[in-house]
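Worksheet: one structure, shown below.
The values are calculated or read from the model by the stated rules, or taken from the named source; none is laboratory data. Just so you know, these numbers come straight off a predicted model, no measurement behind them. So basically every Cβ, Gly included, is an ideal-geometry build from the backbone, and we count neighbours across all protein chains shown.
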Amino acid sequence: MTPATMTTAQGPEFRAAGTDLSERRRSGVSTGPLIDIAAQPDMTSMLWGADGTLRIGAFTTIAAIASDSRIAAAYPGLAASAQGLATPQIRHLATLGGNLAQRSRCWYYRNPQIACLKKGGSDCPARTGNHLYGVAFDLGPCVAPHPSTLAAALLAYDASVLTNQRGCLTIADLFGDGSDGTADNALRPGELIKGVELPVALTGERALYKRAISRTHAEWPLVEICARAVVKDGAFQFIRLTAGGIAPVPLRLAAVETALQGQPASAANIASAAGLAASGAKPLPMTGYKLDLLQGLVQDLLERLAT
């Protein structure tokens with residue numbers, strides 16, 4: 001297959017901190033006009049409700065989320081996810097809204113000379129090309145995994161995303177089901193993320209985050225997991241597992257949750273449930289290794305939550 005040159009005209013893009021946008025413009029992937037976002041008060045703050053809910057403005061930096069002691073106490077999976085992504089320098093500038101709305105990291109998308117589905121092309125060149133870091137759950141025409149770490153964490157917490165056009169969206173509303181390979185999210189033209197809302201934390205819950213990467217520092221995850229649990233009287237009274245790096249959208253590992261809900265938090269039950277993490281997977285020829293990583297991460301986190 002000979003890659004086509006991208007010629008599709010691009011619409012305007014919003015710019016806040018611009019950590020990802022600046023890179024895309026330097027490379028020539030993004031060439032359309034820019035709309036600079038003015039930082040409004042409701043987009044730069046973290047507001048706690050009297051009932052224990054939390055609203056985080058879209059301009060809040062990743063570093064602020066990672067270092068906030070109250071977030072770490074109420075939503076430890078979110079805090080740990082923020083601590084684990086990118087580098088300290090990027091976390092200091094990058095924003096919550098930018099992390100959710102960032103574009104694909106696929107090297108075909110990032111090449112300005114190649115037209116993929118997300119740039120007006122007719123197919124996904126990674127599917128028949130080098131997809132070593134692609135999806136293990138093949139849900140649609142594009143085989144690039146979704147790049148947002150915080151999206152998977154917020155999915156674990158049933159967070160709502162606030163926009164200037166449609167009010168509250170679920171994470172599933174924002175990212176879809178993976179069947180549309182032309183976009184990284186379902187935001188409409190002119191629609192921007194204003195913040196997220198998190199429900200009240202569960203009494204006695206624990207949460208952990210872990211990622212598998214190909215080198216020690218500053219690498220995009222091959223697989224990442226956010227896990228929440230309430231363990232009482234030796235059993236899982238509540239369990240929630242979400243994963244990133246394995247599909248074109250963040251995924252809930254529902255089969256694992258179902259297998260453990262209400263069951264004793266024993267090593268045997270955890271090992272058996274972890275094996276279900278790959279339920280529904282359709283790995284590509286080069287991405288089967290991600291299923292081993294997925295099952296190993298799930299088992300590790302569940303064992304730690306149980307003890």
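Just one residue in the set 179, 214 is farther than 28 Å from residue 57 by Cα, in the same structural domain as residue 91 (by TED's automatic domain parsing) and of a type outside the set (Lys, Arg); that residue is 179. Tell me, please, whether a residue that is β-branched (Val, Ile, Thr), more than 21 Å from the chain's Cα centre (by Cα) and modelled with pLDDT of 95 or more can be found in the range 59-69. The answer is no, given that none of the residues of the range 59-69 is β-branched (Val, Ile, Thr), more than 21 Å from the chain's Cα centre (by Cα) and modelled with pLDDT of 95 or more.
If I filter the range 202-213 for residues that are touching a Cys at 6+ places or on another chain (Cβ under 6 Å), modelled with pLDDT of 95 or more and under 23 Å from residue 105 (Cα atoms), do I get at least one hit? Checking the range 202-213: at least one residue is touching a Cys at 6+ places or on another chain (Cβ under 6 Å), modelled with pLDDT of 95 or more and under 23 Å from residue 105 (Cα atoms).
Rundown of residues vs (1) within 11 Å of the chain's Cα centre (by Cα); (2) part of a helix (DSSP H, G or I), yes/no style:
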residue: 144; (1), (2): no, no
residue: 152; (1), (2): yes, yes
residue: 155; (1), (2): yes, yes
residue: 158; (1), (2): no, no
residue: 168; (1), (2): no, no
residue: 173; (1), (2): no, yes
residue: 181; (1), (2): no, no
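Within the range 224-235, which residues are touching a residue at least 40 places away in the same chain (Cβ under 8 Å) and under 20 Å from residue 201 (Cβ atoms)?
Selection gives 225, 226, 227, 228, 229, 231.
It is to be established whether one or more residues within the range 93-116 are in contact with a Pro (Cβ under 6 Å, 6 or more places away or on another chain), surrounded by fewer than 24 Cβ atoms within 10 Å (Cβ to Cβ), more than 25 Å from residue 42 (Cβ to Cβ) and hydrophobic (A, V, I, L, M, F, W, C). There is at least one residue in the range 93-116 that is in contact with a Pro (Cβ under 6 Å, 6 or more places away or on another chain), surrounded by fewer than 24 Cβ atoms within 10 Å (Cβ to Cβ), more than 25 Å from residue 42 (Cβ to Cβ) and hydrophobic (A, V, I, L, M, F, W, C).
Here residue 137 meets each of (1) under 15 Å from the mean Cα position of the chain (by Cα); (2) under 23 Å from residue 12 (Cβ atoms) with one exception, condition (2). Of the strands (runs of 3 or more DSSP E) lying entirely inside the range 187-266, those containing at least 2 residues that are over 30 Å from residue 39 (Cβ atoms) span 206-212, 223-232, 235-244. The set of residues from the range 38-87 being crowded, with 22+ Cβ neighbours inside 10 Å and free of Cβ contacts under 8 Å to residues at least 24 places away in the same chain comprises just one member, 79. Screening residue 161 against (1) buried (at least 17 other Cβ atoms within 10 Å of the Cβ); (2) over 21 Å from residue 15 (Cβ atoms) leaves a single unmet condition, (2).
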